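The values are calculated or read from the model by the stated rules, or taken from the named source; none is laboratory data. Just so we're clear, the structure is a prediction, and the values are computed from it rather than from any experiment. We place every Cβ from the backbone using ideal geometry, glycine too, and count neighbours over all the protein chains shown.
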Amino acid sequence: MLSEICLELENKGWSIVDHFLTDSECHQLMEHLLVKENEDSFRSAGVSRHLNKQVNSSIRDSKIFWINNFEENSALQCYKAKVSDLMIELNQYFFLSMKRFESQFAIYERGGFYKKHVDQHPETRHRQVSCVLYLEDCKEGGELVIYNKSNRLEVDKCVTPRRGRMVVFFSSGIFHEVLRACEKRFSLTSWLRDDEQLPFTI
Ligand SMILES: O=C(O)CCC(=O)C(=O)O
Ligand SMILES: [Fe+2]
């Protein structure tokens, strides 16, 4: 599985992995996410603008929770181990030096969206690879649209969120957007980074 991801990233800049986690692991993550939501721990997501953090709901309408403790939940531990293995494989294949990752749960309410963007901040450039894991199916809406790596106007793939499905793509060159969700949409996103110190969260 890991070498296939590397090959696909090399060819297209993105890869879709079904069953990255099992249904029961995703259920466990959902339970954890819902506890955090009930504790009112989610916050409106911001977008970065020249190192200033802004909440701009015309670009992005969703709420997020940054994960600080992976030990709280066994499915999170499993997720962390699998993403770490992926990071090692990607480092070897692409001669990268990613050292850690930052992770957040995201909830898009019905009508939520995220306009076309790239994940790497132009000022810092430490995000190298993005991994988005979907925790529930979306029957309609909420698709992730991935644009062609050499032509940002051309759609390469429209990904339907499915429980356990993970999309991996380069954080710098791959434009993408989240279409309006028709129902509540749940995901766990990680950015693999090549710096050591703790980032400012966005
Ligand atoms: O949830 C998704 O499908 C993608 C989210 C995204 O692009 C982001 O958080 O930067
Ligand atoms: Fe993104």
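Which of the residues that make up segment 88-106 are buried (at least 19 other Cβ atoms within 10 Å of the Cβ), more than 10 Å from ligand 1 (Cβ to nearest atom) and not polar (S, T, N, Q)?
Listed by number, the residues that qualify are Leu90, Met98, Phe101, Phe105.
Every residue in segment 139-162 that is surrounded by 21 or more Cβ atoms within 10 Å (Cβ to Cβ), more than 13 Å from the chain's Cα centre (by Cα) and within 23 Å of His32 (Cβ to Cβ), please.
Once the filter is applied, which keeps residues that are surrounded by 21 or more Cβ atoms within 10 Å (Cβ to Cβ), more than 13 Å from the chain's Cα centre (by Cα) and within 23 Å of His32 (Cβ to Cβ), segment 139-162 yields only Gly142.
Based on this model, can you work out whether Asp137 counts as over 18 Å from Gly173 (Cβ atoms), in a loop (DSSP other than H, G, I, E, B) and either at pLDDT 95 or above or not charged (D, E, K, R) (or both)?
Yes.
Write out, first by first residue and then by second, each pair whose Cβ atoms fall under 7 Å of each other, whose residues are 6+ apart or on separate chains, and whose first residue, in segment 113-134, is without any contact (Cβ under 8 Å) to a residue 60 or more places away in the chain and within 22 Å of Leu29 (Cβ to Cβ) while the second is part of a strand (DSSP E or B) and near ligand 2 (Cβ under 8 Å from one of its atoms).
Val132/Thr189
Residue pairs, Cβ under 6 Å, 6 or more apart or interchain, first in segment 2-30 and closer than 25 Å to Glu177 by Cβ, second of a type in the set (D, E, K, R). List them.
Short answer, once both residue conditions are applied: Gly13/Lys149; Ser15/Glu8; Asp18/Arg165; Cys26/Arg163.
Conditions tested, residue by residue: (1) loosely packed, with under 15 Cβ neighbours inside 10 Å; (2) more than 17 Å from Thr189 (Cβ to Cβ).
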site: Phe20; (1), (2): no, no
site: Met30; (1), (2): no, no
site: Asn38; (1), (2): yes, yes
site: Arg43; (1), (2): yes, no
site: Lys82; (1), (2): no, no
site: Leu86; (1), (2): no, no
